[in-house]
Amino acid sequence: MSATPEARPKTLWRRLGGWFEDRSHIYEGLLPIVQHPVPKGVNWWYVFGSATLAAFILQVITGVALAMIYVPAPSGAYQSLQFITSSAPLGSLLRGMHFFGASAMVIMITAHVLRVFLMGSYKFPREFNWLTGAFLLVLTAAMAFTGQLLRWDQDAYWGVVVMAEQAGKTPVIGQLVAQLVVAGSTVGGATLTRFFATHVFLLPALIFGFVLVHLWLVVFDGISEPPRPGVPVDPATYKQRYHEILEKDGEPFFPDAAWRDAVFAVLMFAVIMVLAAIVGAPQLGKPADPTIVNADPRPDWYFLWYFAVLSLIPPVLENFVILSVPVLLGVLVIMVPFVSNRGERHPSRRPVAVVLVVGMLLGLTVLTIEGYQAPWSPEIQAVQDVAIPPQIEQRATGDAAQGLQLFRIRGCITCHALGGAGGRKGPDLTTVGSRLTRDQIIVRILNGGPNMPAFGGNISDQELQQLVAFMETLR
Amino acid sequence: MPKDFFRLHGLGEPRSRRRFLAQVSFGLGGVMGLMLGVPLIGYLFGPLIKRSPQQWIDLGPVSDFALGQTKLVSFTDPSSVPWAGQTSQTSVWVRQTAPNAFDVFAVNCTHLGCPVNWLDGARLFECPCHGGIYYSDGTVAAGPPPRSLFKHETRIVDGRLQAFTIPLPTSQLSEYVGNA
Ligand code: FES
């Protein structure tokens, strides 16, 4: 205390402040909360949670702004987004901020979960914070998914169809769940309004609620102290020890720890703004139109890994993976703080936890890259517009030249690449002539293979001769 | 602490006035919840209780379809809402297999519902999502689809081809949609 209130002159300003506090009790109520003591040594690893919240607030604000123009009906959604992007003042920037803000929120909440897991912060007595956090993770994913749908382009439209089909696989209530989600038996006007209301009212309200409980618990049980090897959590003594840590050299959360959160959040905002300004809002795909089957639906980047999973799992495991794995994962996540609510917290003493996290990150990265490249999808467009490399074209003369045309027209090119052009679903055929004999090529074309259609009965003798003649030039 | 709280305020005493009032308050809260909840749930589940019936759709005169050709036909989904815009449209692949015999395939891949494309040169349906491929008769040629393309029921009335609509999700359909 440097000076008692009496020692300072009572300016009008100060008297107003005093009156305000006397009537509102804002400081009296909030100060103990924002100044709740935190252990010394809380460091930069602790910023991800507040960064997630900051990103969420950014999403709410930019989202409200977008909703002032956005029309949540199929007959206007796409056009209103186009208007926001190209005509509304700063509309492209705001849409960009909302898009990159969503990415930021997904990244930050993931980083926060990993930090909490690796530092064992979920252990006694913070089990419930792990659980509320798990719900917030699910809600964030739901926000990301429903938000992507509101774009109402082809990706969005077919994304919902794919989701409804998966929900439809649930035993017994599958149809009910799917039709509840799409609000009927087709994806259409009722679907969009339902997703809109979910995205802008329901999920944000739930997030606000869970965040409140989450923060409430942080204030009550305190921020976990940075882990030290050889200092395990023992529920019998932990609260006593934590109390002593705070007594000894605890610091008020604001401003001693909060300044880092502020610095990090500002940096995050800056990155979002710069990306929104330079890269801009994501391109809208073609408008949602069930009569244009020539679509190439892809999810936003944070769901590419799951897109890859759906493509790569063997069909026999598919229903199990779609239905049981999410349930199993949910149960596992809920069990984490109860199965291991005691013991070492430092990652160096918890090799299994570290291996789990590294393995998961590696898996997600690989799957995301796969999902991005999607080698399993045929290049349907290639039939029309592929550019065959000239050196291949030059070598194909006579029958082989006819064969080259067939290679394109008959769709071979949608799955097989030639010198880098074409699909990658099947083997690259740039040098097939030196790998397979003439007879082997014929057998393969006529009989197909485990992942290739058989063309027997679907191709004339002459066409076959020409196609084979062409493939023999591929060396 | 909650225990003390209950004792302090007489809430633990059996048959006390205070305990009674507490119970009444909670009960009334529940009543309010029901008053809000019942209509709300009915409203949300409405589309399911009041199923829009599937019905016959006109796909055009039989003469529109050449023998052996596969053609995309779009029509307005009778169950769509008035503001559905372009999404009130639905498509099917129509193929005349023999004079006056038609295969009408749902465009939805039997894997997870993406729209399959007919490649006329290849005489194959290809799915853009996870690489499902079907022969011209709808049977699976490659990729993850578990079964052949769904076929709509068809009939010919006054020289016009008609098909019976199929609801989403298709994963529940195997029982009543023709197996190719
Ligand atoms: S939806 Fe067609 S392959 Fe998955």
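Tabulated data for the structure shown
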| quantity | calculated |
| --- | --- |
| Helix-only mean residue ellipticity at 222 nm for the protein assembly as shown, each DSSP H run of n ≥ 4 adding -39500 (n - 2.57), per residue, nearest 500 | -16000 deg cm²/dmol |
| Residues losing 20 Å² or more accessible surface upon assembly, the stretch A:131-164, compared with the chain by itself, 1.4 Å | A:W158, A:V161, A:V162 |
| Cα gyration tensor shape of the stretch B:56-176, rounded if a/c is under 1.5, else prolate or oblate by comparing a/b with b/c | oblate |
| Cβ neighbours within 10 Å from other chains - mean over A:171-179 | 3 |
| Span per principal axis, largest first, for the Cα atoms of the stretch A:380-472 (Å) | 29, 27, 23 |
| Heavy atoms of A:D221: accessible area, 1.4 Å probe, square angstrom to 10 | 40 Å² |
| 25 Å Cα-Cα threshold exceeded, pairs from B:K71/B:K151; A:K169/A:K286; A:K169/B:K151; A:K123/A:K248; A:K40/A:K123 | A:K169/A:K286 |
| Dipole axis of the protein assembly as shown (+1 Lys, Arg; -1 Asp, Glu on Cβ), positive-most option in B:L44, A:W45, A:G330 | A:W45 |
| In order through the stretch A:42-52: 3J(HN,Hα) via Karplus (6.51 cos²θ - 1.76 cosθ + 1.60), integer Hz, x for Gly, Pro | 4, 10, 5, 5, 8, 8, 5, x, 5, 5, 4 |
| Cut-off under 5 Å, modelled amide H: who pairs with A:V233 long-range | A:G343, A:E344, A:R345 |
| Loss of accessible area when A meets B, both sides summed, Å² nearest 100, probe 1.4 Å | 4600 Å² |
| Taking the convex hull of Cα positions in the protein assembly as shown, its mean projected area over all directions (nm²) | 40.9 nm² |
| Charge dipole of the stretch A:380-472 about the Cα centre (unit charges at C-beta), most positive-ward option of A:G448, A:Q391, A:A401 | A:G448 |
| Other-chain or far-sequence residues with amide H under 5 Å of B:Q89's (modelled H) | B:D77 |
| Under 5 Å, built H, 5+ apart or other chain: amide partners of A:T473 | none |
| Derived scalar couplings ³J(HN,Hα) [the stretch A:157-165; Karplus, 6.51 cos²θ - 1.76 cosθ + 1.60; whole Hz; x for Gly, Pro] | 4, 6, x, 5, 4, 4, 5, 5, 5 |
| Principal-axis tilt of helix B:17-49 within chain B, Cα atoms, nearest 10 degrees | 10 degrees |
| Isolated Cys in the protein assembly as shown, by beta carbon distance under 4.7 Å | A:C412, A:C415 |
| Listed residue (A:L66, A:G17, A:A54) projecting farthest to the positive dipole end of the protein assembly as shown, Cβ model | A:G17 |
| Rounded to whole Hz, the Karplus (6.51, -1.76, 1.60) HN-Hα couplings of the stretch B:139-145, x for glycine and proline | 6, 6, 9, 6, x, x, x |
| Chain A: angle of helix A:399-409 to the longest principal axis, Cα-based, in degrees nearest 10 | 40 degrees |
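The values are calculated or read from the model by the stated rules, or taken from the named source; none is laboratory data. Treat the numbers as computed from the prediction; the structure is a model and nothing was measured. Cβ coordinates were reconstructed from backbone atoms using ideal geometry, including for glycine residues, and neighbour counts include every protein chain displayed. Ligands, DNA and RNA are stripped out before the accessible areas are found, and what is left, the full protein with its side chains, is counted by its heavy atoms. Shrake-Rupley method; radii C 1.70, N 1.55, O 1.52, S 1.80 Å.
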